[in-house]
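Enquirer: Pasting a structure below so you can have a look.
The values are calculated or read from the model by the stated rules, or taken from the named source; none is laboratory data. Note that the structure is predicted; figures quoted are calculated from it, not measured. For neighbour counting, all protein chains shown are included, and Cβ atoms are generated from backbone atoms with ideal geometry for every residue, glycine included. Protein only, heavy atoms only, side chains kept; ligands, DNA and RNA dropped before computing areas. Shrake-Rupley method; radii C 1.70, N 1.55, O 1.52, S 1.80 Å.
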Amino acid sequence: MYLTKEPLFGNGKAKFILVKDSSDLRGLKIFKTLLKMYCKEKAAVVVLSYDGIGEDLIHGVTQNKDDIKLLDIFSDPYGWYQGENLNTLMSVDFIPEYFSDFEGVLCIYSLTSLLIHDGIVKVYKTLHKLLKNNADLQILALLHPSVHDLQEIDIIDKMSSTSLNIDSDEDTEILQSIVHNSSGKVNSLSLEYKISENFEFSSLVDVQLLKKKELEKKPDPTANLTFNLKLKDDEKEARNQLQLPYMKMQNSDDAVIQNLLENDFYDEEDPDDDLDI
């Protein structure tokens with residue numbers, strides 16, 4: 001059971017963690033669980049809430065709201081009530097101004113809203129430049145792939161250091177972690193996960209290792225029998241020397257066949273030679 005970020009991100013300092021959900025499985029629980037991880041590490045956390053009421057987004061994540069700096073853009077898109085007074089709060093333009101020197105985790109819920117507002121080119125250039133110039137900044141963002149075309153998804157995917165894809169297998173929820181290493185190597189890992197009510201991973205297990213263990217632990221039907229089904233060497237030898245009735249009959253039939261073969265009953269003369277045809 002893994003309860004750390006390593007199996008998810010490859011390392012604890014992933015620069016850009018992208019959570020991708022589906023129309024069937026929402027990514028809110030995963031997003032809040034990862035957000036809580038950073039809060040427990042006492043990291044400086046800022047949340048930009050575009051898709052819902054900010055208070056609902058951070059509810060249950062931390063008992064001390066001072067641990068999180070919240071910008072509720074959904075409820076206050078121009079910052080009139082939050083003291084920001086920014087006409088560009090809905091746009092990606094204000095992010096470099098505020099976070100170019102920020103040391104901590106910038107959480108965007110969700111990146112889909114920014115892409116709809118500003119387009120893929122502007123969002124990509126802004127975030128890519130921000131990540132490149134600020135080594136102490138990390139980004140956690142949620143994306144709704146069903147809203148975007150494949151090209152947009154691919155561009156954001158390649159910018160991320162870790163992409164977490166939410167899927168399901170029958171009744172099991174699966175999290176596929178794709179880690180893009182700086183060397184260019186890509187590692188993929190499928191994890192079966194469960195999230196508790198207080199937004200923590202109660203289970204996070206490598207699916208391949210789990211299947212391997214299940215195969216290794218395949219029950220032995222002879223394990224708890226009161227008698228022994230296996231033969232000793234002397235018992236095997238005795239069994240091989242034993243002749244059963246059908247074997248005696250088979251030997252007798254073989255002798256008859258051999259006797260018939262030894263006696264030539266084939267008459268080479270044509271029995272119809274005396275017929276005048």
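Enquirer: Which entries in the list LYS29/LYS65; LYS36/LYS194; LYS40/LYS194; LYS69/LYS158; LYS29/LYS158; LYS15/LYS65 go over 26 Å, if you measure between the two C-alpha atoms of each?
Expert: Flagged as over cut-off: LYS69/LYS158.
Enquirer: Next question, about the same structure. What is the percent carbon and sulfur in the accessible area of region 19-154, measuring with a 1.4 Å probe over the protein chains and ignoring ligands?
Expert: Exposed carbon and sulfur together represent 50 percent of the surface.
Enquirer: Taking a spot 7 Å from the Cα of SER100 along the direction of its beta carbon, which residues of region 119-153 have an amide N less than 12 Å from it?
Expert: 130, 133-134
Enquirer: Describe numerically, in nm with one decimal, the distance between label points set 7 Å from Cα along Cα→Cβ at LYS232 and at LEU150.
Expert: The two pseudo-label positions are separated by 6.8 nm.
Enquirer: Continuing with this model, one more query. Is region 11-79 best put as rounded, prolate or oblate by its Cα gyration tensor, with a ≥ b ≥ c the root eigenvalues, rounded for a/c under 1.5, and otherwise prolate when a/b is larger than b/c, oblate when not?
Expert: oblate
Enquirer: A further question follows. Which FRET efficiency value, to the nearest 0.05, is calculated for LYS185 and SER75 with the Förster distance at 45 angstrom and r the Cβ-Cβ distance?
Expert: The calculated FRET efficiency here is 0.60.
Enquirer: Ok, one more. Counting Lys +1, Arg +1, Asp -1, Glu -1, what net charge surrounds LEU131 among other residues with beta carbon under 12 Å of its beta carbon?
Expert: That sum, taken over residues with Cβ under 12 Å, equals +3.
Enquirer: Calculate, for ILE120 and SER23, the FRET efficiency according to 1/(1 + (r/R0)^6) with r their C-beta to C-beta distance and R0 30 Å; round to the nearest 0.05.
Expert: The value I calculate is 0.90.
Enquirer: How far is it, in nm, from the label point at ARG239 to the one at ASP56 when both lie 7 Å from their Cα along the line to the Cβ?
Expert: Each label point lies 7 Å from its Cα, and together they span 6.9 nm.
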